[in-house]
Amino acid sequence: MQSNLSREASPEAKRMRINSKHVAEGAATFQEVCAADVFVDKSLLIKEFWNSANKSLLISFPRRWGKSINLDMIKEFFSLKLNDQGQVDQATDKKSKDMFKALKISNNPEIMEKMGKYPVIYVDMKSIKCTKSSIAQEYLAEVVFGAFRQHKYLAISETLDEYQRKDVKQYIEGTNTNRPKITNGLMQLSEYLNKHHDTKVIVLVDEYDAGQNYAYRKSHDQNEAAEISEIFKLFYESTFKGNRFIERSLVTGIQRLAKDDVGSGMSNFDEHGITTDKFAKYYGFTQEEVNKLYEFMYSDDESLITKMADWYNGYQQGCNDSYVQVYCAWSIVKFLNTSRFEKYWAESGAMVLFDKIFSHPQIKHKIEELTKGKNIEFTLNKEITSAQFQKLKQMEENPHTIIDKSGEDLFFSYLLLTGYLTPSQVEYNSFKIPNHELELEFRDKLKSYYQNVYSLNIERVHKVTDALTMIMSSTDQQELKSLVKEQFYKNFKTLIDECRLTSELSDSNTGLFGNEDLVHSILNFISIQVLGIKFATEIYTHKIKADQSLGGKGRADIMLGSPEKGVIIEMKYTKGNKLNAEQLIANNKNTSKDALVQAKEYSNLITNLNDNTEDVMQIFLGLSVSSNRDVALAGEIHSSISSFDSVEFTD
């Protein structure tokens with residue numbers, strides 16, 4: 001992945017921009033998207049939706065994946081364009097039809113025949129976010145009333161009976177406020193529309209899971225959260241279960257809620273999302289779509305394509321061997337409009353539940369593995385139940401408790417379903433960070449974690465990182481020796497000396513210093529921030545003996561590499577064991593020398609960086625940290641493979 005975190009406009013992008021047009025960004029409706037200078041045509045989704053074997057679909061993707069615009073497109077295509085008197089609005093109808101005649105769907109005459117022929121019920125549930133059931137019922141009532149107000153002509157329909165017209169008026173006026181009238185509202189509306197038009201209706205629901213998700217996460221009263229869930233359960237059951245007036249229905253959301261939480265009304269829905277591939281190409285941008293956007297807005301120089309892919313591509317949508325790879329649409333749009341490589345999608349939301357759960361050691365360890373570019377394994381929960389939301393909440397509120405395997409699986413499933421992870425194409429139940437944008441988000445969380453929990457001075461962290469960066473770029477032995485001792489060692493020593501555990505992880509806040517895992521974690525965290533290098537940790541490989549023969553296998557702690565240079569760092573932790581301060585310092589120095597010997601046994605990791613091994617400079621560092629935070633360093637710098645002209649130093 002690219003590691004350039006520039007918050008300025010990319011010079012390459014500035015130079016190659018060939019027009020001032022912009023991709024549709026932040027549009028609320030499909031018409032707004034089509035009116036923009038540039039947009040991506042996803043209109044063939046209409047055909048896929050209509051021809052689906054199951055007439056009822058649930059599609060769940062992360063936020064800003066294009067769900068709402070696609071749903072609005074389907075509404076715009078199928079809906080009758082009527083005024084408040086129930087007559088066709090000729091101008092609106094013509095404008096809509098002309099818009100679709102310019103899109104890909106126009107090449108499908110059997111689908112075009114259905115354009116503008118159906119009464120459509122469209123509701124957006126994202127505003128129903130609260131922790132009180134009485135307020136949730138009021139919000140839901142407004143959604144239902146709004147749906148009726150889209151079809152005011154029903155109040156004067158001569159096809160409806162008088163009591164039905166009266167019922168419509170009460171919904172429009174907002175006087176049908178008891179729970180049964182609210183939860184049965186869309187079912188009643190579909191019946192009245194069907195009777196008036198003598199045509200079955202299409203029902204579209206956006207953000208169906210917003211209300212229940214919010215209540216599960218935010219409510220401190222389980223009874224209230226359960227009551228809110230019950231309101232939605234009754235609503236969805238009434239709307240969809242046995243509703244003979246529905247022709248087609250499409251429901252979208254971020255996550256799949258368990259069927260127990262949405263009732264039997266959606267039990268027969270076909271479910272698609274980030275773990276299936278059928279509709280994947282319509283959510284997010286494919287490589288072909290990104291290429292076309294790039295070609296239109298920039299020159300034919302392809303130097304930015306790879307960098308764009310590193311930053312925003314990488315989502316593998318599907319399962320097993322069937323995948324569609326897509327870009328984060330929101331981030332691509334923002335980049336094309338600004339020419340800046342930034343964290344757009346990550347900063348448009350938050351890693352809910354992340355910060356406090358991060359203090360659990362097994363969670364933190366897996367996050368560190370992810371930031372090193374490794375895959376992690378867990379059993380995926382494809383839907384989240386109300387009981388599981390409660391478990392996540394308990395994990396968040398009780399950072400001292402031990403998380404079992406099911407808790408780990410649940411937390412990382414949550415990250416996957418909300419778009420922070422993606423399946424690995426290599427193995428099933430293996431997952432990774434999709435791209436550099438999200439890698440930076442995880443690194444920021446690590447940075448915040450170390451800063452808050454271990455009282456790390458982030459400025460000092462940056463100094464150690466800068467020292468490693470300079471070490472990787474310098475070619476002069478004496479300069480390297482100075483950088484290692486004066487920059488890397490001294491700043492790392494000061495960083496460790498200032499490190500403290502906060503009361504969040506310990507009953508004492510007096511400076512209790514941790515263990516070997518802590519020291520490894522801190523150095524790993526620093527190393528992954530060095531830009532433009534290969535980084536690996538705990539590499540299982542053969543050791544090389546002093547006579548250059550092959551030895552047994554072991555695990556190298558840290559390797560930083562480029563085609564010109566490799567650095568091996570071995571870490572040790574020295575306990576006090578009743579030694580006085582002077583003895584502990586001496587023991588710590590000896591341990592650092594032992595670590596150096598061990599680092600040199602992994603020299604083959606460096607020679608593998610370049611086919612011409614004569615040109616690879618080797619740096620071996622042995623670090624030892626004692627229980628009283630003393631840091632000892634021993635190292636060697638080898639200018640070439642053949643001469644082994646080394647510079648040795650110890651502190």
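The values are calculated or read from the model by the stated rules, or taken from the named source; none is laboratory data. These figures come from a predicted structure and were not determined experimentally. All Cβ positions, even for glycine, are placed from backbone atoms using ideal geometry, and neighbour counts span all protein chains on display. Calculation scope for accessible area: heavy atoms of the full protein, side chains included, ligands and nucleic acids excluded. Shrake-Rupley method; radii C 1.70, N 1.55, O 1.52, S 1.80 Å.
E439 passes every criterion in (1) within 20 Å of the chain's Cα centre (by Cα); (2) farther than 26 Å from V530 by Cα; (3) of a type in the set (D, E); (4) at pLDDT 80 or above apart from (2).
Scanning the range 398-421 for residues that are aromatic (F, W, Y) and either in a loop (DSSP other than H, G, I, E, B) or in contact with a His (Cβ under 9 Å, 6 or more places away or on another chain) (or both) turns up F411, Y420.
Of the candidates M470, M395, the single residue that is among the aliphatic types (A, V, I, L, M), assigned to a helix (DSSP H, G or I), touching a helix residue (DSSP H, G or I) at 6+ places or on another chain (Cβ under 6 Å) and open to solvent by 30 Å² or more (accessible area, probe 1.4 Å) is M470.
Within this structure, Q478 passes the test of being open to solvent by 20 Å² or more (accessible area, probe 1.4 Å), modelled with pLDDT under 90, under 30 Å from E636 (Cβ atoms) and more than 15 Å from the chain's Cα centre (by Cα).
Out of everything in the range 188-245 that is small (G, A, S) and in a loop (DSSP other than H, G, I, E, B), what residue ends up being most open to solvent (accessible area, probe 1.4 Å)? Full working, then the answer.
Filtering the range 188-245 for residues small (G, A, S) gives 190, 210-211, 215, 219, 225-226, 229, 238, 242.
So of that shortlist, the ones also in a loop (DSSP other than H, G, I, E, B) come out as 219, 242.
Details: S219: 8, G242: 75 Å².
Result: G242.
Only residues that are farther than 15 Å from E237 by Cα and part of a helix (DSSP H, G or I) were counted in the range 166-187, giving 8.
Conditions tested, residue by residue: (1) touching a strand residue (DSSP E or B) at 6+ places or on another chain (Cβ under 7 Å); (2) charged (D, E, K, R); (3) crowded, with 20+ Cβ neighbours inside 10 Å; (4) free of Cβ contacts under 8 Å to residues at least 24 places away in the same chain.
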site: P434; (1), (2), (3), (4): yes, no, yes, no
site: I458; (1), (2), (3), (4): no, no, no, yes
site: S482; (1), (2), (3), (4): no, no, no, yes
site: E486; (1), (2), (3), (4): no, yes, no, yes
site: N491; (1), (2), (3), (4): no, no, yes, no
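Determine whether the range 589-604 contains at least one residue that is at pLDDT 85 or above, under 21 Å from L495 (Cα atoms), polar (S, T, N, Q) and assigned to a helix (DSSP H, G or I). The answer is yes; a qualifying residue exists.
In the range 237-251, the count of residues that are at negative phi and under 27 Å from the mean Cα position of the chain (by Cα) is one or more. For the range 404-414, the condition of being open to solvent by 40 Å² or more (accessible area, probe 1.4 Å), of a type in the set (S, T, Y) and modelled with pLDDT under 85 holds for none of the residues.
Can you pull out the residues in the range 432-445 that are in contact with a Phe, Trp or Tyr (Cβ under 7 Å, 6 or more places away or on another chain) and not charged (D, E, K, R)?
Kept after step one, since they are in contact with a Phe, Trp or Tyr (Cβ under 7 Å, 6 or more places away or on another chain), are these residues of the range 432-445: 433-438, 445.
Within the range 432-445, I433, P434, N435, H436, L438 meet the criteria.
Do you know which residues across the range 37-76 are part of a helix (DSSP H, G or I) and among the charged types (D, E, K, R)? Spell out the reasoning first.
Here is the first cut: in the range 37-76, the ones part of a helix (DSSP H, G or I) are 44-51, 67-76.
Matches in the range 37-76: K47, E48, K67, D72, K75, E76.
Only one of the numbered conditions (1) part of a loop (DSSP other than H, G, I, E, B); (2) touching a Leu at 6+ places or on another chain (Cβ under 7 Å); (3) open to solvent by 10 Å² or more (accessible area, probe 1.4 Å); (4) not aromatic (F, W, Y) is violated by L160, and that is (3).
One residue stands out among those in the range 62-117 that are acidic (D, E) and over 35 Å from the mean Cα position of the chain (by Cα): the one that is most open to solvent (accessible area, probe 1.4 Å), which is E113.
Examine the range 158-171 for a residue that is among the β-branched types (V, I, T), at pLDDT 95 or above and within 24 Å of K259 (Cβ to Cβ), and state whether such a residue exists.
Start the filter on the range 158-171 by keeping residues that are among the β-branched types (V, I, T), which leaves 159, 168.
From what is left, the residues that are at pLDDT 95 or above are 159, 168.
Going one step further and asking which of them are within 24 Å of K259 (Cβ to Cβ), we end up with none.
No: zero hits.
Exactly one residue among V144, V168, V120 is surrounded by 18 or more Cβ atoms within 10 Å (Cβ to Cβ), closer than 28 Å to K94 by Cα, of a type outside the set (G, A, S) and in contact with a Phe, Trp or Tyr (Cβ under 8 Å, 6 or more places away or on another chain), and that residue is V120. Restricted to the range 305-351, and to residues there that are surrounded by fewer than 20 Cβ atoms within 10 Å (Cβ to Cβ) and among the hydrophobic types (A, V, I, L, M, F, W, C), the residue that is modelled with the highest pLDDT is A309.
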